[in-house]
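To start, the structure itself, in structure tokens.
The values are calculated or read from the model by the stated rules, or taken from the named source; none is laboratory data. If you're wondering where the values come from, they're calculated on a predicted model, not measured in any experiment. Here the Cβ positions follow ideal geometry from the backbone for every residue, glycine too, while neighbour counts run over all protein chains shown.
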Amino acid sequence: MTDFTMQKDADGVAIITWDVPGKSMNVLSLDGAAELNALIDHALADEAVKGIVITSGKADFAAGMDLNVIAAMKDGGAQAVFDGVMTLHRLLRKIELAGMDPKTKKGGKPIASALPGTALGIGLELPLATHRIFAAENPKAKIGLPEIMVGIFPGAGGTTRLVRKLGAMGAAPFLLEGKLSDPAKAKAAGLIDAVVADPLQAARDWVLQASETDLVKPWDAKGYKMPGGEPYHPAGFMTFVGASAMVHGKTLGVYPAAKALLSAVYEGAMVPFDTALKIEARWFTNVLMNPSSTAMIRSLFINKEALEKGANRPEAPDQSVRKVGILGAGMMGAGIAYVSAMAGIEVVLIDSTQEAAERGKSYSTGLLDKAISRRKSTEEKKVEVLARITPSTDYADLQGCDLVVEAVFEDPAVKAEVTKRAEAVIPQDAIFATNTSTLPITELAKASARPDQFIGIHFFSPVDKMLLVEIIKGRETGPRAVAKALDFVRQIRKTPIVVNDARFFYANRCIIPYINEGIRMVAEGVSPTLIENAAKMTGMPLGPLQLVDETSIDLGVKIAKATKAAMGDAYPDGAVDAVIFKLADQGRLGRKTKAGFYDYDEAGKRQGFWSGLATEWPEADTQPELTEIQHRLMFAQSLEAVRALEEGVLEDIREGDVGAILGWGFAPWSGGPFGWLDMLGAPRAAEIAGRLAEKFGPRFAAPQLLRDMAAKGESFYGRFGAGKQAA
Ligand code: NAD
């Protein structure tokens, strides 16, 4: 089994084709790199070879480094990582210098890359080391360096080469934000050299006519100056100071990769190219050895993909959805209709009036128009997608639906009625799903004549943007319903987690304590600015007060009243209610009323905090330590996640971590609540929880599971990792 093969043609061009057997997309492994190295040696030594083209045997060029390999490299320790990276550097540098005389830079063989489609990560770092990059006219192809998104940075020379090619400023969006471009945009930005109908032919032609000077990279030529200036050049100085401030402003220091990347760029800019590669390798090793990158790769890549591929799917034949009925064309129903129609599924969108159903469909029109104006879609695609959505008031139109998703008002009686009406029409084997966010699935299933075919499919708002879908099994939900829900989620290209039925399921259960903890602190006299900044400095995308303004304060009031009714005297959140009820009484319901914890201008733009906060809940003279606030906010969420695991609501910690990051933005650098607790270590986590419980109340008491693990020195991934069931 070989990943790379080489063929020489009659003109003396050696075509090296990358085609990893058994995979739809090329990824680089260490063995693959060794094969490529041997082929390059062979071609450079072979006098009959005039030039080399590196291409792919697949529709795309490559998706990057095999992240499983990167995760495994770590096990060998820092030296092994560094050595592995330096091996890649030597290979790519060999391609770049192509056998030329080191002094005169003469005598090298031209090497070009031909990219039929997507080229990401090392799939672009390799072409960047060649002398010319030709990409196909393939608007679907994505070109870029997305490493930063999983907590690392381009460490196979991509960082050093791109900065030398585009300057620090020009390279910043690609390196720091992982920006991906289609071939035309990549060409305009200077990432690649040409976009052509037949890149392999164009690369061959180029190789055959290339001159010796074509092969010398600017940074290997005499008198090279970095575009935009080096760090001690006045213009370069401004760039680096600005970039450093910008990165810190955006990451607040919680993402080690961004900082390490900047260091590699800054230090690398002041030394010769080969030394810069070594510096890049050192910083890359540093980041790879940081627990954050392990946790991010594990949750955002390995486990996310495993869940998307059906890691927890029960055995059942393919349950792909052909026709979905959606009941309720409000905010959620309209969004679910859009994502379904985009996935090629026929949609019947039902509401009580034809006008409401049409309005639900027009939500899709709006999104498609926006996509067209941004050149992300076309008129033809719009016509095609809209034709799949039939707005109606007639339940008879649900005939032939193999799945129904109910998104009517959050009222058990209304939900029971629509369940019965739909089940009277849909096929016997159809699955009925509810999108409820607060009502127990098992209770709602009582309205169904087929409770084993009844399930929760809980979307997050806005449906078209949010990546997570929570699938909830009621007590009687059968395996085929779970398989159906999972296959539907795969069709609409979202990430599923499967949980058991309990109050607020998983995501809302954990996010509510976070919001409540922030609100409690306001009542205690903690500075609202300190609360919000502490949250962001732990990597939460929104502070708790901003979050409750976004989700609306009246929703908080509604949930509080319902929870209190259900829990009676055991209800623990009176201190929270004292604050939100007061805001609600004054009509401050959050962003939607342009008034909440924050003030908003007419356009709905957030201004400062509402001045009334300071009069109603004056700030205390002595403010708590930052770490204490951070611990309160992080433990409020994480302990709830542990309780969900302990109670069997969560069955797989991978779902707990992936769901937390995608569902409510739990500090992504940590890999999720279980990843974060593992970083702290169970003994320390239990000790901090104990201290918080003593000071702030039993809501922080360490769950038995955590205490057991602390006593035994266990970690969550050690005990429950890689699909080991929680039992
Ligand atoms: P919404 O009020 O915007 O929409 C509900 C729609 O259902 C309305 O268009 C209404 O006319 C229609 N409807 C009511 N009774 C009906 C009936 N008998 N037959 C047909 N249509 C009927 O509400 P929403 O925000 O879209 O929420 C819908 C459901 O999704 C609720 O169960 C809610 O808890 C849940 N949910 C909401 C969110 C959110 O962020 N809004 C998130 C997840 C889940």
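Within the stretch 86-108, residues that are in the same structural domain as Arg161 (by TED's automatic domain parsing) and at pLDDT 95 or above have Cβ atoms under 8 Å from residues that are β-branched (Val, Ile, Thr) and part of a helix (DSSP H, G or I) in these pairs: Leu88/Ile122; Leu91/Ile40; Lys94/Ile40; Ile95/Ile40, counting only partners at least 6 apart in sequence or on another chain. Of the residues making up the stretch 178-197, at least one is among the small types (Gly, Ala, Ser) and touching a Pro at 6+ places or on another chain (Cβ under 6 Å). Where helices (runs of 4 or more DSSP H) sit wholly within the stretch 140-226, those with at least 2 residues that are more than 35 Å from the chain's Cα centre (by Cα) occupy 199-209.
Determine whether the stretch 576-585 contains at least one residue that is touching a helix residue (DSSP H, G or I) at 6+ places or on another chain (Cβ under 7 Å) and under 30 Å from Phe454 (Cα atoms). No, the stretch 576-585 has no match at all. Take the conditions in contact with a strand residue (DSSP E or B) (Cβ under 6 Å, 6 or more places away or on another chain) and either acidic (Asp, Glu) or on the phi > 0 side of the Ramachandran plot (or both) and apply them to Asp397. Does it pass? Yes. Considering Gln637, Gln623, which residue is among the polar types (S, T, N, Q), in contact with a Pro (Cβ under 7 Å, 6 or more places away or on another chain) and touching a residue at least 24 places away in the same chain (Cβ under 8 Å)? On inspection, the qualifying residue turns out to be Gln637.
Among the listed residues Lys415, Lys382, identify the single one that is within 14 Å of the ligand (Cβ to nearest atom) and not aliphatic (A, V, I, L, M). Of Lys415, Lys382, the one residue that is within 14 Å of the ligand (Cβ to nearest atom) and not aliphatic (A, V, I, L, M) is Lys415. The criterion of at least 3 residues that are buried (at least 19 other Cβ atoms within 10 Å of the Cβ) and not assigned by TED's automatic domain parsing to the domain that holds Leu439 is met, among helices (runs of 4 or more DSSP H) falling completely within the stretch 460-541, by 507-524, 528-537. Take Ser320 and tell me if it is among the polar types (S, T, N, Q), in contact (Cβ under 8 Å) with a residue 24 or more places away in the chain and surrounded by fewer than 18 Cβ atoms within 10 Å (Cβ to Cβ). When the stated conditions are applied, Ser320 passes them.
Which of the following residues is in contact (Cβ under 8 Å) with a residue 12 or more places away in the chain and within 30 Å of Val348 (Cα to Cα): Gly330, Gly268?
Of Gly330, Gly268, the one residue that is in contact (Cβ under 8 Å) with a residue 12 or more places away in the chain and within 30 Å of Val348 (Cα to Cα) is Gly330.
On the given criteria, is Leu39 in contact (Cβ under 8 Å) with a residue 60 or more places away in the chain and part of a helix (DSSP H, G or I)? It is false that Leu39 is in contact (Cβ under 8 Å) with a residue 60 or more places away in the chain and part of a helix (DSSP H, G or I). Here is the figure for the stretch 441-459: residues that are surrounded by fewer than 19 Cβ atoms within 10 Å (Cβ to Cβ) and within 15 Å of the ligand (Cβ to nearest atom) total 1.
Results for (1) surrounded by 19 or more Cβ atoms within 10 Å (Cβ to Cβ); (2) touching a helix residue (DSSP H, G or I) at 6+ places or on another chain (Cβ under 9 Å); (3) over 25 Å from Ile122 (Cα atoms), shown as yes or no for each residue.
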| residue | (1), (2), (3) |
| --- | --- |
| Lys179 | no, yes, no |
| Ala184 | no, no, no |
| Ile192 | yes, yes, no |
| Ala197 | no, no, no |
| Val207 | yes, no, no |
| Glu212 | no, no, yes |
| Gly229 | yes, yes, yes |
| Pro234 | no, no, yes |
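Name the residue that is farthest from Ala171 (Cα to Cα), counting only residues in the stretch 269-316 that are over 23 Å from the mean Cα position of the chain (by Cα), small (Gly, Ala, Ser) and surrounded by 21 or more Cβ atoms within 10 Å (Cβ to Cβ). Per the criteria, the residue is Ala281.
If you go through the stretch 418-428 and keep only what is of a type in the set (A, V, I, L, M) and away from the ligand (no atom under 14 Å from the Cβ), you end up with just Ile426.
Restricting attention to the stretch 360-410 and to residues that are outside any helix (DSSP H, G or I) and without any contact (Cβ under 8 Å) to a residue 12 or more places away in the chain, the residue that is nearest to the chain's Cα centre (by Cα) turns out to be Lys376.
Being over 27 Å from Met149 (Cβ atoms) and surrounded by 15 or more Cβ atoms within 10 Å (Cβ to Cβ) is a description that does not apply to Ala343.
For the stretch 301-353, enumerate the residues that are away from the ligand (no atom under 16 Å from the Cβ) and touching a strand residue (DSSP E or B) at 6+ places or on another chain (Cβ under 7 Å). Lys304, Leu307, Glu308, Asn312, Val321, Arg322, Lys323, Ala341, Ile345, Glu346, listed by residue number.
Scanning the stretch 356-379 for residues that are more than 16 Å from the ligand (Cβ to nearest atom) and among the small types (Gly, Ala, Ser) returns Ala371, Ser373, Ser377.
Taking (1) surrounded by 23 or more Cβ atoms within 10 Å (Cβ to Cβ); (2) near the ligand (Cβ under 10 Å from one of its atoms); (3) not small (Gly, Ala, Ser) in turn, Val404 satisfies each apart from (2).
Scan the stretch 127-141 and give yes if some residue there is within 28 Å of Ala295 (Cβ to Cβ) and not small (Gly, Ala, Ser), otherwise no. Scanning the stretch 127-141 turns up no residue that is within 28 Å of Ala295 (Cβ to Cβ) and not small (Gly, Ala, Ser).
Given the criteria in a helix (DSSP H, G or I), in the same structural domain as Phe696 (by TED's automatic domain parsing), among the hydrophobic types (A, V, I, L, M, F, W, C) and at pLDDT 95 or above, does Ile580 qualify?
yes
Remark: pairs (first residue in the stretch 335-359, more than 15 Å from Asp487 (Cα to Cα); second residue of a type in the set (Asp, Glu) and crowded, with 21+ Cβ neighbours inside 10 Å; Cβ separation under 9 Å; 6+ apart in sequence or on different chains) = Ala357/Asp351; Glu358/Asp351; Arg359/Asp351.
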